[in-house]
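Okay, structure first, notes after.
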Amino acid sequence: MRSGFVSLLGRPNAGKSTLLNRLVGAHLAIVSDKPQTTRTRILGAKSLPDGQILFLDTPGVHRPMHRMNVRMVDAAIGAAREADVVALVVDASEDVGRGTDFMLGLLPQLSKPVVLVLNKIDRLKKHKLLPLIEWFSARYAFIDVVPVSAATGDNVEALEQVLLSHLPEGPPLYPDDYLTDQSARSLAAEMVREQVLVHTRAELPFTTAVVVDRYEEPEDEEAPLAIYCSILVEEPSQKPIIIGRAGEMIKTIGTAARKQIEEFFERRVYLDLHVKVREDWRENERTLDDLGLPKHRR
Ligand SMILES: Nc1nc2c(ncn2[C@@H]2O[C@H](COP(=O)(O)OP(=O)(O)OP(=O)(O)O)[C@@H](O)[C@H]2O)c(=O)[nH]1
Ligand SMILES: [Mg+2]
């Protein structure tokens, strides 16, 4: 038996959260086509016949411009420091650039075994794969290189076996039905935020947060979960965008999020959404604490 932690590290939008969800077979981490979707470390456990892998999904590594982003990048690097193995997830369909160099520059100081995961191969022309592997291999001594498509699932099982083979020997750390360390509250808040990301553009995805104000779980399982959330925006002008004309937008967001939460918890849900302006919340240490972003520690 082998078991341990694998941290998924990479640039924003590389597909880390899509890969986590694919690996554990549940929608634990929200996904969007906007960068900086994931804001906290998310644990997803996968029990296998010959061991257990504890995956840590992390925010994409980027140049932080706000206190929130400093905490996000810290969470990513902190998770990599905690892990037994780092899986560096790269969008293989994109050109390498300065961001790639920055990521690679972080690796030596982690002093961890690193597996290179070339994701999105469904979008890559076959002849481009080998030169890409050579480019990366010339820059760091990866212990393995595995091309995958998190979207289609192509080669993901092989990746799982490779990662397991690099974990220390030992019994599983959690029971085999253990899935995540996320609370029901934060899973629900994240599903609301996912729908905000799907339905909004420009700066809104970056300036929105979701907090659960009240979460009621009636003992009678036929009665719906009642979840009351605030959607935080940074400026008064952003409020009407989230609400939409005649409340159309917030209704769309609410309906889609409610369906997702119901599916995840297999229970009826009553979801109540409010939009609140909290100026500069991305710089506010207390709000960031409340949102579960760990404090800056370096
Ligand atoms: N074609 C294709 N698209 C993918 C694949 N994996 C992820 N995507 C898409 O890439 C986008 C980003 O995916 P995420 O999983 O949110 O990326 P992430 O690395 O978690 O991003 P951050 O949380 O912002 O750091 C989404 O639109 C995904 O649907 C893949 O294998 N193939
Ligand atoms: Mg993510």
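Taking 0.36 nm per residue of separation and subtracting the current Cα-Cα distance, fully stretching the chain between TYR174 and MET1 would add 61.0 nm. Among 242-248, 59-65, sorting by the average number of other beta carbon atoms lying within 10 angstrom of each residue, highest first, gives 59-65, 242-248. Adding -39500 (n - 2.57) for every DSSP H run of four residues or longer, then dividing by how many residues the chain holds, sets the calculated 222 nm ellipticity at -10500 deg cm²/dmol. Cα to Cα, under 18 Å, and not fewer than 8 places away if on the same chain: which aspartates and glutamates meet these conditions relative to LYS259? Leaving aside aspartates and glutamates fewer than 8 places away in the same chain, those within reach of LYS259 are GLU190, GLU194, GLU216, GLU217, GLU221, GLU222, GLU248, ASP272.
In order along segment 227-233, the phi-based Karplus estimate (6.51 cos²θ - 1.76 cosθ + 1.60, θ = phi - 60°) of 3J(HN,Hα) comes to 10, 10, 10, 10, 9, 8, 10 Hz; Gly and Pro are listed as x.
Taken about its Cα centre, the chain carries a charge dipole of roughly 1200 debye when the Cβ of each Lys and Arg holds +1 and the Cβ of each Asp and Glu holds -1.
If you find the alpha carbon centre of segment 168-193 and of segment 1-27, how far apart are they in angstrom? Between the Cα centre of segment 168-193 and that of segment 1-27, the gap is 12 Å. Computed from Cα positions, the angle between helix 184-199 and the longest principal axis of the chain comes to roughly 90 degrees. Ordering 225-236, 254-265 by mean Cβ neighbour count within 10 Å, with the highest value first, yields 225-236, 254-265.
Each peptide in 150-159, 171-180 gets a packing score, the mean of other Cβ atoms within 10 Å over its residues, and the list from highest to lowest is 150-159, 171-180. Stretching LYS125 away from PHE265 to a fully extended chain increases their span by 46.5 nm, per 0.36 nm per residue minus the current alpha-carbon distance. Counting only alpha carbon atoms, the long axis of helix 98-110 and the longest principal axis of the chain meet at about 70°. For VAL269, the shell of other residues with beta-carbons less than 12 Å away shows a net charge of -2, using +1 for Lys and Arg and -1 for Asp and Glu. Beta-bridge orientation, the chain: approximately 35 percent antiparallel, per DSSP, counting only bridges with both partners inside. Across the alpha-carbon set of segment 2-165, the Rg to Rh ratio works out to 0.93, Rh being the Kirkwood radius.
Backbone N atoms of segment 247-275 closer than 17 Å to the 7 Å Cα→Cβ label point of ALA223 belong to residues 267-272.
Any read-out appearing in this document is the output of simple, stated calculations on the displayed coordinates, not a laboratory observation. Because the structure is predicted, anything quoted here is derived from the model rather than measured. Methodologically, a virtual Cβ is constructed for each residue, glycine included, from the backbone with ideal geometry; neighbour enumeration extends over all protein chains shown.
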